[in-house]
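The values are calculated or read from the model by the stated rules, or taken from the named source; none is laboratory data. Just so it is clear, the structure is predicted and the values come from calculations on it, not from any experiment. We place every Cβ from the backbone using ideal geometry, glycine too, and count neighbours over all the protein chains shown. Calculation scope for accessible area: heavy atoms of the full protein, side chains included, ligands and nucleic acids excluded. Shrake-Rupley method; radii C 1.70, N 1.55, O 1.52, S 1.80 Å.
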Amino acid sequence: QVQLVESGGGLVQAGDSLRLSCAASGRAIGGLGMAWFRQAPGKGREYVATINWNGDVTYYTDSVDGRFITSRDNAKNTMYLQMNSLKPEDTAVYYCAAGPGAGVFSRPADAVSWGQGTQVTVSS
């Protein structure tokens, strides 16, 4: 099973940018679809973005489309989330997840592995 570790979170001001990384170990992620989720205090885990096995296909939830970009480097066994024009409502713990196959996915129940999460806090 793949192990995932997120990094890159922090405290920023509205309008700033952050780049999250999701480093995998235990197996290569090159054949797996991957996704980003987030969870704000008192709320459920929310889908943010997903990418297929080779990065050719990406999808985003409406609230981040046009501001966030997900990418991957299979040679480094790592996925990224570039977050631009951050808003206070983006404040949450961000999680990366590996899917059951090569395609994209957006339901938390479909994830087969999760990272421990990284906190992103955006002040107004």
How much length, in nm to one decimal, is gained on full extension between A109 and Q3, taken as 0.36 nm per residue of separation minus their Cα-Cα distance? 36.4 nm
For E89, E6, E46, give me the order by solvent-accessible area with a 1.4 Å probe, most accessible first, ignoring ligands, DNA and RNA. E89, E46, E6
Per residue accessible area of the chain, 1.4 Å probe, in Å²: 47 Å²
A102 to Q13: extension gain in nm, 0.36 nm per residue of separation minus the Cα-Cα distance? 28.5 nm
Listed peptides 37-45, 67-75 by packing density, highest first (mean Cβ within 10 Å): 67-75, 37-45
Stretched out fully, how many nm does the piece from D73 to S25 gain, at 0.36 nm a residue minus the Cα gap? 15.9 nm
Ordering Y94, Y47 by accessible area with a probe of 1.4 Å, largest first, what comes out? Y47, Y94
At a 1.4 Å probe radius, carbon and sulfur cover how many percent of the accessible area of the chain? 49 percent
Listed residues D65, D16 arranged by accessible area, highest first, probe 1.4 Å: D65, D16
